[in-house]
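Below you'll find the structure, written out as structure tokens, and then a few comments.
The values are calculated or read from the model by the stated rules, or taken from the named source; none is laboratory data. Small disclaimer: the values here were computed from a predicted structure and weren't measured. Backbone-built Cβ (ideal geometry, glycine too); neighbour counts: all protein chains shown. For accessibility, only protein heavy atoms count, side chains too; no ligands or nucleic acids. Shrake-Rupley method; radii C 1.70, N 1.55, O 1.52, S 1.80 Å.
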Amino acid sequence: MIQARRSVAVDAAVITMGFYASVNGEITPAEQARVSVLDNGFTFGDGVYETLRTYRGRPFHLDRHLERLRRSARRLAIALPEGESAITGDLDRLLQLAANPESYIRIIVTRGVGDISYQLDHVAGPTIVIVVKPLPPFPAEYHRDGVPVILSAVRRNHPRALDPGIKSCNLLNNLLAAQEARARGAFEPILLNETGEVAETATANVFVIKDGVVITPPLDAGILPGITRQLVIERARAASVTVREEPVAVKDLLAADEVFLTSTLKEVLPVASIDGRAVGSGRPGPVSLRLRAAFREYVAGQSP
């Protein structure tokens, strides 16, 4: 006997306020947006995405995000439309309609609609989805006090299996680690790679500081080339701070004077403890604070 589908009570006003989506150019309130159940992104996780945010209402470094989106799509042989107008035009309309003080943006590109098979020539696409929703302020105490993280038992995907350098819609690896972190009362999990060295967290890149030198795992450690990661490296070098991209052993992570995370939404976020053990003094350190200030100064100097 087939049971009736459960209904889920949702406050539509909460969802629709500043929360909109575009599916192949059709813009609707997000809860009304529809993607086919036959879409390869749904049936196989066959897609790529980018997460952005706005500052003063405008997407931050949309150029770098779209460049990375195209790189990821090429790695999966997903064809994107020539030029950027198919995405930027819809995104501008969404932001104008949402009228949020600041917005979270997710751009998703899947291979398209298929027949639930590996016959990729049966797929019509791509499917381009853009979602815009209000971006609440990041909790000030996280930057003021730092956050707790753990060393996850989940290893980062091996690059020869599913390269973390591809920002794909296959996020189960990240999700499993994030579940573990939440169960252990941590803000983020740090994943190690196949050699047991530090890779990245479920949603951010990792930096350690020792004797004033900033060190972050190289791309070939099996990490995503983060946009904020690269901006922080550039800002640090511009400020004459020594930055090295080299493997980070767990013992060096635990012995660091400071540790911080970088991502689009977290910016430069100090780590207070790892597995319950204080990093340095257990408070954000001087280099982390200096680089956060440099990043914020850079953001403030960008044209709206």
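Need one number: nm distance between label points at residue 76 and residue 184, each 7 Å from Cα along Cα→Cβ, rounded to one decimal. Here the modelled spin labels are 2.9 nm apart. Projected over every direction and averaged, the convex hull enclosing the alpha-carbon atoms of the chain yields 17.8 nm². Run the numbers on the chain and let me know its relative contact order in percent, using alpha-carbon pairs under 8 Å that are six or more apart. It rounds to 16 percent for the chain. Starting from the amide H of residue 135, placed 1.01 Å from N in the peptide plane, find each other amide H under 5 Å away whose residue is 5 or more places distant or on another chain. The list, which skips near neighbours in sequence, is 102, 103, 104.
If only the Cβ of Lys and Arg carry +1 and only the Cβ of Asp and Glu carry -1, the dipole of the range 226-265 around its Cα centre is close to 120 debye. The portion of the accessible surface of the chain made up by carbon and sulfur, rounded to a whole percent, is 54 (1.4 Å probe; DNA, RNA and ligands excluded). Farthest toward the positive end of the dipole of the range 30-134, out of 55, 108, 120, is the Cα of 55, where the dipole comes from beta carbon charges about the Cα centre. Computed from the alpha carbon positions, the gyration tensor of the range 117-201 leads to an equivalent ellipsoid with semi-axes of 30, 22, 10 Å, biggest first. Hey, if you put +1 on the Cβ of every Lys and Arg and -1 on every Asp and Glu Cβ in the chain, which of 27, 202, 40 ends up farthest toward the positive end of that dipole? Comparing the listed Cα positions along the dipole, 202 ranks first. One decimal place: the segment residue 32-residue 293 gains 89.9 nm when fully extended, by the rule 0.36 nm per residue minus the C-alpha distance. The lysines within cross-link reach of residue 210, meaning a Cα-to-Cα straight distance under 17 Å and a gap of 8 or more places when in the same chain, are 251.
Annotation for the range 36-98: GluC sites (Glu not before Pro) lying in DSSP loop with at most 15 further Cβ atoms inside 10 Å of their Cβ are 82. Here the Karplus relation 6.51 cos²θ - 1.76 cosθ + 1.60, evaluated at θ = phi - 60°, turns the backbone of the range 21-29 into coupling constants of 9, 10, 10, 6, x, 8, 9, 9, x Hz, with x for every Gly and Pro. With contacts taken as Cα pairs under 8 Å and at least 6 residues apart, the range 161-246 reaches a relative contact order of 25 percent.
About its Cα centre, the dipole of the chain is roughly 360 debye, where the only charges are +1 on Lys and Arg Cβ and -1 on Asp and Glu Cβ. Please work out whether the range 78-167 counts as rounded, prolate or oblate from its C-alpha gyration tensor, where a ≥ b ≥ c are the square roots of the eigenvalues and a/c under 1.5 means rounded, while otherwise a/b larger than b/c means prolate and anything else oblate? Verdict is oblate for the range 78-167. Across the range 33-39, computed HN-Hα scalar couplings (Karplus, 6.51 cos²θ - 1.76 cosθ + 1.60, θ = phi - 60°) run 5, 9, 10, 4, 5, 8, 5 Hz from first to last residue, x flagging Gly and Pro.
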